[in-house]
Amino acid sequence: MKEEREKACLRQASQLLGSLVSSPFSVRCFPRKWQLIRSKLEQLLSGLAAAADGNFLSGNSEVDLLLKSMLSTFNDLESLLLRCGDESCVGGKLLLRSDLDGVASRLGLHSDRLAELYASGNATHSRAIVLTKPSSNASREDIRFYVRDLFSRLKIGDTSMRLQALASLREVLREHDEYVRIVATDTADALSLLVSFLEHTDDGLREKAAGVLSVIAEFDSYKGLLVAAGAIAPLMPILEKGTELGRERAAGILRRLTENSDNGWSISAHGGITVLLKICSDAAACRKELIGLACQILSNLGSAEEMRRFMVEEGAIPVLLQLSMSKEEESRIQAIECLHSMASADNGIRQIVVREGLIASITEFSSTAREAALKATDLLHSADSLAVLMSSGFLDRALFFLKHGDVSVQELVLKSISRLCELSEDYRKAMGDAGYMTELVSLLEAKSAGVREKAAETIHNMICAQRNRRRLIQDEHDVDRIMRALDLVEGNSATRKHLLSVLKAVAESNSGRRRIMASGCVHCLQRLAEADEVDARKVMKKLSARNRFRSILNGFWSY
């Protein structure tokens with residue numbers, strides 16, 4: 001009975017193939033690609049005729065699988081004929097061209113596989129001789145021989161043998177780059193064969209094939225070869241509905257391939273953006289590793305302007321904003337970074353992100369997400385977005401981390417608030433009212449040179465507001481600490497430049513000059529002035545003018 005079913009399947013495939021070959025192929029879209037497909041169909045028809053006359057069908061499960069796969073390809077080909085029936089090229093030329101390339105590749109693989117099965121019968125694991133993996137110092141020829149043997153098993157072996165061959169192949173690829181080079185460039189049709197397993201009916205084979213390709217994708221030199229082998233299209237179904245590990249491996253490959261923005265169009269043409277957003281919106285059902293990879297792919301895709309626009313139309317912003325509020329820390333960080341990447345390159349998207357609530361999410365700092373959240377404040381440019389930021393409690397939270405955060409967080413907070421000071425007078429005043437000045441002055445004594453420099457820069461920006469300058473002078477200790485910090489600065493650094501600019505502003509008022517004179521560190525200013533430091537000379541000039549005026553008054557009252 002089984003043999004009769006297999007023969008019936010063979011007859012059905014032959015009849016369908018015959019009708020396709022005899023079709024007029026009077027299509028106007030991509031005539032050269034159709035010419036290539038017809039040539040492959042004729043070659044496959046000849047192979048099927050030989051198979052029908054042979055006796056290797058009995059008990060051969062691999063032939064049964066091959067015939068079913070061929071029938072699926074033929075049905076797809078019939079659909080493509082209908083889509084190419086007029087100049088409109090239904091579905092778009094980009095997707096159509098990709099589908100034609102995929103069908104042509106599949107036809108070639110079917111023909112090769114049929115020839116192998118017909119020539120050698122169905123090799124089984126029980127009859128196979130297993131080669132020993134070459135040693136670490138093996139010759140290149142020994143490595144090539146081992147790789148060829150693995151691919152022979154992939155071509156003619158049963159499912160068990162193929163699974164073992166793929167596992168062994170991934171193992172050696174991870175151990176030595178030379179294996180990767182041989183597979184990618186020295187083994188005929190190796191990548192095409194591996195890609196064909198992504199469409200296999202067996203979940204295990206799809207998963208392990210994705211594992212092998214994920215190793216190859218880590219090498220920049222071979223990413224283009226994977227794309228040329230047609231890897232993108234069959235990865236999409238695995239990403240959407242594969243096993244947990246298979247989905248993560250497919251996402252890892254796509255993340256690497258989308259580092260070249262040109263490949264993004266192929267992913268989009270096969271519905272990839274919809275699949276990726278579905279992963280991001282279903283955080284409860286997906287592992288954080290898969291969500292993180294999906295966000296990274298979206299970031300890569302968003303580097304192209306038209307792709308960013310399409311992502312917005314597909315609802316990417318609300319999905320990522322929702323993910324940025326996730327309880328899962330890693331997912332939250334990835335979502336914020338993806339939003340930051342998209343919005344930083346597009347003012348329109350930036351406005352949408354701010355309006356839709358990104359600011360509300362970035363002010364809710366948590367242990368590891370705060371660095372990504374602070375970086376996202378770079379998106380804030382307009383007066384409206386700054387107003388929303390101030391009303392969201394950002395200043396209080398940022399001041400807390402300025403006091404209690406580690407060095408890396410302090411530097412990010414300082415970078416963020418210093419830049420925001422440059423954008424808005426209201427923001428400078430709000431920072432002064434919130435108590436930033438004294439805390440910034442205390443950071444001039446920090447161990448980190450980066451923190452000291454950023455603190456000096458932020459103070460300089462803040463005292464552009466007259467209110468903050470008065471607050472600095474009125475404090476009993478702030479000017480004195482600035483003078484002592486200046487005395488300790490070595491070399492012609494940015495920190496010294498900012499502190500001198502602060503003191504120059506302070507010296508504009510009588511009370512400010514009195515604070516400077518009372519600090520006991522005027523000798524530092526004198527030394528810098530004698531070294532032709534311009535701002536130091538200006539401060540000393542103001543101090544000297546005050547002293548001369550006092551001397552005149554003292555002389556007047558002495559008469």
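The values are calculated or read from the model by the stated rules, or taken from the named source; none is laboratory data. Everything quoted here is computed from the prediction, not taken from an experiment. In this analysis, Cβ positions are derived from the backbone assuming ideal geometry, glycine residues included, and neighbour counts consider all displayed protein chains. Areas reflect the complete protein model, heavy atoms only, side chains present, ligands, DNA and RNA absent. Shrake-Rupley method; radii C 1.70, N 1.55, O 1.52, S 1.80 Å.
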task = Tell me the label-point distance for the pair SER442, ARG287, using the 7 Å Cα-to-Cβ offset, in nm and rounded to one decimal.
result = 4.5 nm
query = How long is the gain from SER408 to VAL534 if the chain were fully straight, where each residue apart is worth 0.36 nm and the alpha carbon distance is subtracted?
reply = 42.1 nm
inquiry  = For the ranges 338-349, 201-212, what's the packing order if you count other beta-carbon atoms within 10 Å of each residue, average per peptide, and put the highest first?
reply    = 201-212, 338-349
task = Go ahead and run the numbers for FRET between SER79 and ASP202, Cβ-Cβ distance against an R0 of 30 Å, rounding to 0.05.
result = 0.75
query = To the nearest 10 Å², what's SER72's accessible area with a 1.4 Å probe?
reply = 60 Å²
Per-peptide average of other Cβ atoms within 10 Å, ordering 230-241, 463-474 highest first = 230-241, 463-474
key: Listed residue pairs exceeding 28 Å between alpha carbons, taken from LYS497/LYS541; LYS93/LYS208; LYS447/LYS541; LYS278/LYS415; LYS68/LYS208   = LYS93/LYS208; LYS447/LYS541; LYS278/LYS415
request  = Give, as a single signed number, the net charge of other residues whose beta carbon lies under 14 Å from the beta carbon of LYS133, with Lys and Arg counted +1 and Asp and Glu -1.
outcome  = 0
key: LEU109 accessible area, 1.4 Å probe, all protein chains in place, Å² to nearest 10   = 40 Å²
query = Using a 1.4 Å probe, what is the accessible area per residue for the range 232-338, in Å²?
reply = 41 Å²
ask   = Using a 1.4 Å probe, how large is the accessible area of TRP34, given in Å² and rounded to the nearest 10?
value = 10 Å²
task = Tabulate in residue order the Karplus-calculated ³J(HN,Hα) for the range 285-295, using 6.51 cos²θ - 1.76 cosθ + 1.60 with θ = phi - 60°, rounded to whole Hz; enter x for Gly and Pro.
result = 9, 10, 5, 4, 5, 5, 4, x, 5, 4, 5
query = Hey, rough spin-label estimate for SER493 and GLU314, points 7 angstrom out along Cα→Cβ, what's it come to in nanometres?
reply = 4.8 nm
task = Along Cα→Cβ, 7 Å out, is where each label goes; now give me the distance between the ones at GLU175 and ARG470 in nm to one decimal.
result = 7.7 nm
query = Using 18 Å as the cut-off for backbone N distance, which residues of the range 210-239 belong to the label zone defined by a point 7 Å from the Cα of THR185 along Cα→Cβ?
reply = 215-229
ask   = Under 16 Å Cα-Cα from LYS327, which lysines qualify once same-chain neighbours fewer than 8 residues away are excluded?
value = LYS288
query = If we restrict to alpha carbons, what Rg and Dmax does the range 400-462 come to, in Å?
reply = 10.6, 31
request  = First measure r as the distance between the Cβ atoms of ASP396 and GLU306, then evaluate 1/(1 + (r/R0)^6) with R0 = 51 Å and state the FRET efficiency to the nearest 0.05.
outcome  = 0.80
ask   = What size of dipole, in debye to the nearest 20, comes out for the range 398-508 about its Cα centre when the only charges are +1 on Lys and Arg C-beta atoms and -1 on Asp and Glu C-beta atoms?
value = 160 debye
task = Report the FRET efficiency, 1/(1 + (r/R0)^6), for GLN12 and MET325, where r is their Cβ-Cβ distance and R0 is 51 Å, rounded to 0.05.
result = 0.40
remark   = Checking rank on 322-332, 447-457, with mean other Cβ inside 10 Å and highest first, the result is 447-457, 322-332
